[in-house]
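A single structure is presented below for examination.
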Amino acid sequence: KQEVTQIPAALSVPEGENLVLNCSFTDSAIYNLQWFRQDPGKGLTSLLLIQSSQREQTSGRLNASLDKSSGRSTLYIAASQPGDSATYLCAVIGYSGGGADGLTFGKGTHLIIQP
Amino acid sequence: KAGVTQTPRYLIKTRGQQVTLSCSPISGHRSVSWYQQTPGQGLQFLFEYFSETQRNKGNFPGRFSGRQFSNSRSEMNVSTLELGDSALYLCASSPRGGEKLFFGSGTQLSVL
């Protein structure tokens, strides 16, 4: 059974710092890995998707890497801003039968950027 | 393009009742998946529908069921509600499944 762990559970940093969020998963047979952010009382917004054959993806100040062999992914946020404050969730899709399975989520990292 | 729409936004039910939640995916998306989010367990996959067929199912009891209509809209039903079913229920859609997911704002269910 796939398990996804995110470290740290919470993080508070001053505005302008670069930071790294970590995600690990137990089963390397994944279809893809996605990073989401969730704002309080709202649904999830997809940030980056990395296919199992890829090593990294970038979008603006965000960069996500994937190392399938070690079961790890990192989300790098450059020049953090107060608007980046949210819960960041990592999720993997595994294989099931003939196709992709449902997402398995980590518990998230609650990020606070201090102005 | 309109996003994923979930109705209702909030629901209050009592134990033993049943409830139906609705999800309208982004136009053109044929895969709809459902998730339960609680403070203790986090986000857990319930099931996925594609072209009116349940394609994947998570580890939830049979009280949780769903269906998808020919226009890709999906409903989720929970029968014989328990206190532990109180949660935020999220729906997500994608064109075929296994790609970038687009989530709705969720239905907050409270069971009293």
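The values are calculated or read from the model by the stated rules, or taken from the named source; none is laboratory data. Keep in mind the model is a prediction, meaning the values are calculated, not measured. Here the Cβ is made from the backbone with ideal geometry for all residues, glycine too, and neighbour counts use every protein chain on show.
For the structure I just gave you, tell me whether B:Leu81 is part of a loop (DSSP other than H, G, I, E, B) and either surrounded by 14 or more Cβ atoms within 10 Å (Cβ to Cβ) or touching a strand residue (DSSP E or B) at 6+ places or on another chain (Cβ under 9 Å) (or both).
Spelling it out, B:Leu81 is indeed part of a loop (DSSP other than H, G, I, E, B) and either surrounded by 14 or more Cβ atoms within 10 Å (Cβ to Cβ) or touching a strand residue (DSSP E or B) at 6+ places or on another chain (Cβ under 9 Å) (or both).
Among the residues in the range B:68-86, are any out of contact with any helix residue (DSSP H, G or I) (no Cβ under 6 Å at 6 or more places or on another chain), facing chain A (nearest Cβ under 9 Å), touching a residue at least 12 places away in the same chain (Cβ under 8 Å) and under 22 Å from A:Lys42 (Cα atoms)?
Looking through the range B:68-86, none of the residues is out of contact with any helix residue (DSSP H, G or I) (no Cβ under 6 Å at 6 or more places or on another chain), facing chain A (nearest Cβ under 9 Å), touching a residue at least 12 places away in the same chain (Cβ under 8 Å) and under 22 Å from A:Lys42 (Cα atoms).
Inside the range B:5-52, can you point out the residues that are surrounded by fewer than 21 Cβ atoms within 10 Å (Cβ to Cβ) and charged (D, E, K, R)?
B:Arg9, B:Lys13, B:Arg15, B:Arg30, B:Glu52
Quick one: which of A:Ile7, A:Ile77, A:Ile50, A:Ile30 is in contact with a helix residue (DSSP H, G or I) (Cβ under 8 Å, 6 or more places away or on another chain) and either of a type outside the set (Lys, Arg) or modelled with pLDDT of 95 or more (or both)?
From the options A:Ile7, A:Ile77, A:Ile50, A:Ile30, the qualifying one is A:Ile77.
Of all the strands (runs of 3 or more DSSP E) wholly in the range A:1-81, which have at least 1 residues that are among the small types (Gly, Ala, Ser) and either surrounded by 14 or more Cβ atoms within 10 Å (Cβ to Cβ) or without any contact (Cβ under 8 Å) to a residue 24 or more places away in the chain (or both)? So that I can check it myself, show each step before the final result.
Numbers: elements: A:4-7, A:10-14, A:19-25, A:30-38, A:44-51, A:56-59, A:62-67, A:72-77.
Answer list for the range A:1-81: A:19-25, A:44-51, A:56-59, A:62-67, A:72-77.
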